[in-house]
1. Please give the charge dipole size of the stretch 357-463, origin at the Cα centre, charges +1 on K and R Cβ atoms and -1 on D and E Cβ atoms. Round to the nearest 20 debye.
2. Which of the aspartates and glutamates could be linked to K4 by a straight reach, that is with a Cα gap under 15 Å, when you skip same-chain ones fewer than 8 residues away?
3. Full extension from R218 to T22: what is 0.36 nm times the residue separation minus their Cα-Cα distance, to one decimal in nm?
4. If I take R0 = 45 Å and measure r between the Cβ atoms of E67 and L264 in this structure, what FRET efficiency does the formula 1/(1 + (r/R0)^6) give, to the nearest 0.05?
5. Of the trypsin sites (Lys or Arg not before Pro) in the stretch 2-36, which ones lie in a loop per DSSP and count no more than 16 other C-beta atoms within 10 Å?
6. Note the full-extension length gain between V84 and N148 as 0.36 nm times their separation in residues minus their Cα-Cα distance, in nm to one decimal.
7. So how strong a dipole does the chain carry about its Cα centre when Lys and Arg Cβ are +1 and Asp and Glu Cβ are -1, to the nearest 20 debye?
8. Find which of M64, H74, C164 sits farthest along the positive direction of the dipole of the stretch 42-188, computed with +1 on the beta-carbon of Lys and Arg, -1 on that of Asp and Glu, about the Cα centre.
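Derivation of every value follows stated rules applied to the coordinates shown; laboratory data play no part. In this text, all values refer to a predicted model and were calculated from it rather than measured experimentally. Here the Cβ is made from the backbone with ideal geometry for all residues, glycine too, and neighbour counts use every protein chain on show.
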Amino acid sequence: MELKGEFLSMLSEALGEDKLPTVVRALDETASVSLRLNPFKSEGVHLPILEGSTPVEWSPYGRMLRERPVFTLHPLFHSGVYYVQDSSAMYVGSAFRDMLPRFSRLGRPLRVLDLCAAPGGKTTDLAASLRGELGDGFILVSNEVMRNRATVLADNVGRWGDPCVVVTCADPSAFAKLDSFFDIIVADVPCSGEGMFRKDAEALAQWSPENVKLCAERQRRIVADVWPSLAPGGVMIYSTCTFNNCENDGNVDWICSSLGAEKLSSKTLVPGFVPGEGQYCAVMLKNLCGGHAGEERWTDRKGGRQHGGQQQGGRQQGGRRAGGLITGLDAEGLFDVPMDLKLRSDMITAVPQCISGLADTVSSALPLLSRGCAVGTLKGKDLVPDEDLALCIRLRRGAFKETPVDKAAALAFLHKDALVLPDSPRGIVMLTYKGVPLGFVKNLGNRTNSLHPQARRIRMDIK
């Protein structure tokens with residue numbers, strides 16, 4: 001790999017000249033491969049790809065693999081049992097977990113924003129950490145400004161299966177409507193991509209000092225735009241996949257001095273010293289200005305206080321109740337916790353009742369792509385279940401008839417090939433692979449109608 005002289009100068013300035021030879025050698029090596037397990041789906045599931053793997057130092061569910069398999073041909077990848085993510089990027093999740101004890105006595109659901117979230121690696125990491133600490137007591141807003149990337153994000157969130165996540169597609173400036181709403185904001189801002197050099201030759205070709213400067217200016221605008229939505233005493237975790245001071249420590253110093261914050265920590269991970277592609281991560285505490293993150297300062301759009309995000313007076317804002325509209329199926333019995341069901345057009349969505357008011361507030365302020373779990377569509381008064389319902393970690397097992405399938409049949413389903421299940425019950429059936437829900441078919445006996453989304457089908461040859 002031929003590195004530009006200006007890049008080497010910036011790298012030396014940021015890391016020290018003594019580290020430069022090690023990093024340069026590492027950038028010529030093959031990129032590492034790692035994944036992060038979903039603790040709410042992977043327990044007790046045997047994954048052959050983990051044989052010979054090693055733990056990621058800063059992630060309890062991260063694993064370094066010996067080689068890169070064809071993940072597309074692994075049914076459990078499509079079921080959200082794990083997420084393929086660079087090990088360095090998992091460091092942001094570690095910094096996030098370190099901050100959670102600060103918010104342990106709020107007395108209400110924690111409000112978190114993943115601002116630049118696509119394709120979903122950090123969102124799924126944050127969701128797992130939040131659920132491990134708080135159960136359903138959080139709302140995670142996962143945002144991506146670019147619509148095509150936001151669609152990918154929503155798919156990956158759906159596969160992960162946490163109903164406390166809502167996906168939005170908004171410019172950072174739109175979050176000013178939610179003044180002092182969030183307790184923690186993770187801003188993995190777009191950058192010059194120095195941590196992508198080993199994986200993407202185009203990132204190296206496009207690098208220039210001018211682009212670094214443009215990226216740094218854009219990063220400041222993004223943070224300044226979203227800053228009003230962070231509560232005083234709240235935490236911002238700022239990260240990039242680049243190494244230069246201009247986009248990293250320089251920007252963090254600017255945020256602290258110009259917007260009002262205290263830097264709690266910062267760390268730069270670089271190839272050669274860590275197995276991954278590298279990551280910069282800094283944690284900042286927003287200055288107190290007449291309040292703090294533990295105070296309930298936010299009022300919803302109806303003017304009433306949000307007490308822990310609880311639904312006020314049983315209201316259903318933005319849609320009518322879905323329960324009782326479906327014959328032959330208790331929609332509210334689909335889940336193992338109380339859920340707030342909404343009917344918008346013909347789609348039913350669900351979020352835990354303890355955050356329904358917060359979800360309504362977010363959806364009223366921002367363009368929404370997904371709200372918790374997509375339950376399904378109404379066809380007359382019958383439910384056609386959405387794939388995300390099968391993948392939801394709060395789905396009550398036993399709510400649907402189930403049929404286990406082997407790997408060949410699982411891949412055929414994901415490829416949207418014709419399946420015949422003569423020994424399976426008739427009607428809507430949830431397919432499982434290794435005990436993990438995969439999706440739905442309607443079994444007609446001599447054939448099945450697949451309910452697997454066309455947009456998620458495997459397009460490569462599975463033979």
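1. 120
2. E13, D28, E194, E202, E210
3. That works out to 67.5 nm of additional length.
4. 0.75
5. K4
6. Taking 0.36 nm per residue and subtracting the Cα distance, the gain is 21.1 nm.
7. 1740
8. Farthest towards the positive pole: C164.
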